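Take a look at the structure below.
The values are calculated or read from the model by the stated rules, or taken from the named source; none is laboratory data. Since the model is a prediction, treat every value here as computed from it, not as a measurement. A quick note on method: Cβ atoms are made from the backbone with ideal geometry, for glycine too, and the neighbour counts reach across all protein chains shown. Side chains are part of the model used for accessible areas, which takes the heavy atoms of the whole protein and leaves out ligands, DNA and RNA. Shrake-Rupley method; radii C 1.70, N 1.55, O 1.52, S 1.80 Å.
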Amino acid sequence: MSQRLKLEVKAPNAVTGEDLVILVSDKLVPAQAAEEWLGEGGRSLIARAAAAERFKGKSLSGLTVLAPEGASYERLILIGTGPDGERDKLDFALLGGAIAGRLGHGRSADIIAALPESELSAAEVAEIGLGLKLRSYAFNQYKTKSREAEQSEPKTAILRVADPSAVKKALKAREAIAGGVELARDLVNEPPNVLYPEEFADRAAKLEKLGVEVEILDEKQLKKIGMRALLGVGQGSRRESRVVVMRWNGAGKGEQPVAFVGKGVTFDTGGISIKPAGGMEDMKGDMAGAACVTGLMHALAARKAKVNAVGVIGLVENMPDGNAQRPGDIVTSLSGQTIEIINTDAEGRLVLADVLWYTQERFKPAFMVNLATLTGAILVALAQENAGLFSNNDALAERLFAAGKATGETVWRMPLGAAYDKMIDSKFADMKNSAGRHGGSITAAQFLQRHVNDTPWAHLDIAGTGMGSLSTEINRSWGSGWGVRLLDRLVADHYEA
């Protein structure tokens, strides 16, 4: 991972950077706090430059111009905030990302963190800082020609605010979240010859430095436990499968934990039901659910969240060799239910079936949320704009929807029902692992629900958001780290002591 930004918070008593960043509304009026730093002719310069470039102050738009003669800075960067009075529509993390996109490498910038019509709260400035951090992420360690540039001075951003101490306090939690997102991105971006199940487990174990209790279950232990569905997926690979249990105890003994479960197929060929060659390289990202859970546990521990949280990830590699699982095989899951294998490329639900059952039986959580790049069908339904949300609990679903709206990691609820459930009945076993193309995301969710009892549960299908995701103001990475901010917000809003 390459973090190309040094972020500082200081009082607005001086402008020392090479660039000055100010926020302007659609009226092209800067905040009063920025006026004295513009220098003589600053307002006139803004008006002339905006007219020449047709810059209207639209939200998240930007304009860079040379500073007026005699100014202490070299460039003036204008970032639009949209119409006055529409502050409630402004996403401050995206605003920070828009600023970061205008900063030059190796340069320093002073950011006057104030809206044209009002001051910003410490939390709002901290969100700008989060956006600055997330936009500055890059994954370049395998590009040899990029190393020299990375070793040079990073760009420096100084948030100029009236109350630095309050912003620093608020920013500390955002930096913990950014660290979790960056960890998830790193894991998704890594090549599959580097990040296989054992290596993924070892990286998760590094969370112990933050106070997370980490337990790694190897194949011998998994066989003893009875995770035959999960082990069946990995039996065609020379890489051994793993299950990792991460526990953050931030609320004290006796408090019921919340649980997060992730699909971690570190590479998915499809097995015997092998995928087409075109685009198969993207299947290194089929562990984005497990990456999110790992990043979330980092975020919760780093910000010392007052919650007891459990993260459980199933790590396998789905390969086609002479020992691989076949279509037609029947396996018995940890729940005791039998599964007919129709398609070995419907493997993620087999992994999750065992891990969900294990998590609910061992930890008795208040709820479980699982994340998985589970079906291509969710892309057909929702494109890359939303993750698919399936749940057996309306209250949990509503909270996830609200957290998604607040963070921009949006979800859309999809149906579950008896008619869909009937589609996965098997002639030879209790169920089959694939019901065909029609309603593919829904029948996959029905399969998972058969491995959940009465525990409030939600399944997030992140095939469209967890990897190869759309570029935004805060993400230019193939691996987005999607879900870390969403689930951290869910915990912060509803489940912390």
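Set the Förster radius R0 to 25 Å, insert the Cβ-Cβ distance between E119 and S44 as r into 1/(1 + (r/R0)^6), and round the FRET efficiency to 0.05.
0.45
Test of understanding: given the chain, find the longest segment containing no chymotrypsin sites (Phe, Trp or Tyr not before Pro) that are in a DSSP loop and have at most 12 other Cβ atoms within 10 Å.
Between exposed loop sites, the widest span is 143-427.
To the nearest Å, what is the center-to-center distance of region 124-143 and region 195-263, using C-alpha atoms only?
Answer, in whole Å: 28.
Return the sequence-ordered ³J(HN,Hα) values of region 333-349 in whole Hz as given by the Karplus equation 6.51 cos²θ - 1.76 cosθ + 1.60 applied to θ = phi - 60°, using x for Gly and Pro.
Those phi angles translate into 7, 4, 6, x, 7, 9, 10, 8, 7, 8, 9, 6, 8, 9, 9, x, 5 Hz.
Please give the contour-minus-distance gain from T16 to D321: 0.36 nm per residue of separation, less the Cα-Cα distance, rounded to one decimal in nm.
Computed gain between T16 and D321 is 103.6 nm.
Cα centroids of region 314-348 and region 384-452: how far apart, whole angstrom?
Centre-to-centre (Cα) distance: 20 Å.
Given a 1.4 Å probe and every protein chain left where it sits, what share in percent of the accessible area of the chain is carbon and sulfur?
49 percent
Using alpha carbons only, how many angstrom separate the centre of region 96-116 from the centre of region 27-75?
The two parts, judged by their Cα centres, are 13 Å apart.
Calculate the translational D of region 87-207 in whole µm² s⁻¹ from Stokes-Einstein, where the hydrodynamic radius comes from the Kirkwood formula applied to all Cα pairs, the temperature is 10 °C and the viscosity 1.306 mPa s.
98 µm²/s
Go ahead and collect, in residue order, the members of region 310-330 whose backbone nitrogen is under 20 Å from a label point 7 Å along the Cα-Cβ direction of R238.
In region 310-330, the label zone of R238 (backbone N under 20 Å from the point 7 Å along Cα→Cβ) covers 316-325.
Would you mind checking region 183-220 for residues with the amide N under 13 Å from a putative spin-label position 7 Å along Cα→C-beta of T144?
Output list for this probe position: empty.
For the chain, with only Lys/Arg (+1) and Asp/Glu (-1) charged at the beta-carbon, what is the dipole magnitude about the Cα centre, in debye rounded to 20?
Computed about the Cα centre, the dipole is about 340 debye.
Using only the Cα atoms of region 83-132, what do you get for the radius of gyration and for Dmax, in Å?
11.3, 35
Over region 272-364, with the other protein chains present, what is the accessible area per residue in square angstrom, probe 1.4 angstrom?
Result: 32 Å² per residue.
If amide H atoms are built 1.01 Å from N in the plane of the peptide, which residues on other chains or at least 5 residues away come under 5 Å of the amide H of V161?
Amide H neighbours of V161: K10, A11.
Name the trypsin sites (Lys or Arg not before Pro) in region 129-228 that are in a loop by DSSP and that have at most 16 other C-beta atoms within 10 Å, would you?
Here the sparse-neighbourhood loop sites are K143.
For a quick check of your reading of the filter: which GluC sites (Glu not before Pro) in region 372-478 sit in a DSSP loop and have no more than 15 other Cβ atoms within 10 Å?
Filter output for region 372-478: E385.
Spelling out what I want: for every residue of region 286-302, take phi, set θ = phi - 60°, compute 6.51 cos²θ - 1.76 cosθ + 1.60 (Karplus), and round to whole Hz; glycine and proline get x.
3J(HN,Hα) across region 286-302, in whole Hz: 6, 10, 4, x, 5, 5, 4, 4, 5, x, 5, 4, 4, 4, 4, 6, 5.
Return one number: the angle in degrees, 0 to 90 and rounded to the nearest 10, between the long axis of the Cα atoms of helix 122-135 and the longest principal axis of the Cα atoms of the chain.
70 degrees
From the phi of every residue in region 168-176, what ³J(HN,Hα) in whole Hz does the Karplus formula 6.51 cos²θ - 1.76 cosθ + 1.60 yield, where θ is phi - 60° and glycine or proline is x?
With the stated coefficients, region 168-176 comes to 4, 5, 5, 5, 4, 5, 5, 5, 5 Hz.
How many nm separate the modelled label positions at E213 and K405, each set 7 Å beyond the Cα in the direction of the Cβ?
3.8 nm
Cα-based Rg (one decimal) and Dmax (whole number) for the chain, in Å?
24.4, 83
Which stretch or stretches of region 472-497 have amide N atoms under 19 Å from the point lying 7 Å from Q256's Cα along the Cα→Cβ direction?
490-497
Using a 1.4 Å probe, what is the accessible area per residue for region 44-195, in Å²?
I get 44 Å² per residue for this part.
Quick one: putting +1 on the C-beta of Lys and Arg, -1 on the C-beta of Asp and Glu, what dipole do you get for region 341-492 around its Cα centre, in Debye to the nearest 20?
Dipole of region 341-492, to the nearest 20 debye: 40 debye.
How much length is gained on full extension from A383 to D425, taking 0.36 nm per residue of separation minus their Cα-Cα distance?
12.3 nm
Please report the projected area of region 341-497's Cα convex hull averaged over all directions, in nm².
The directionally averaged projection comes out at 9.6 nm².
Between L470 and E74, what is the FRET efficiency for a Förster distance of 25 Å, r being their Cβ-Cβ separation, to the nearest 0.05?
After rounding to 0.05, the efficiency reads 0.15.
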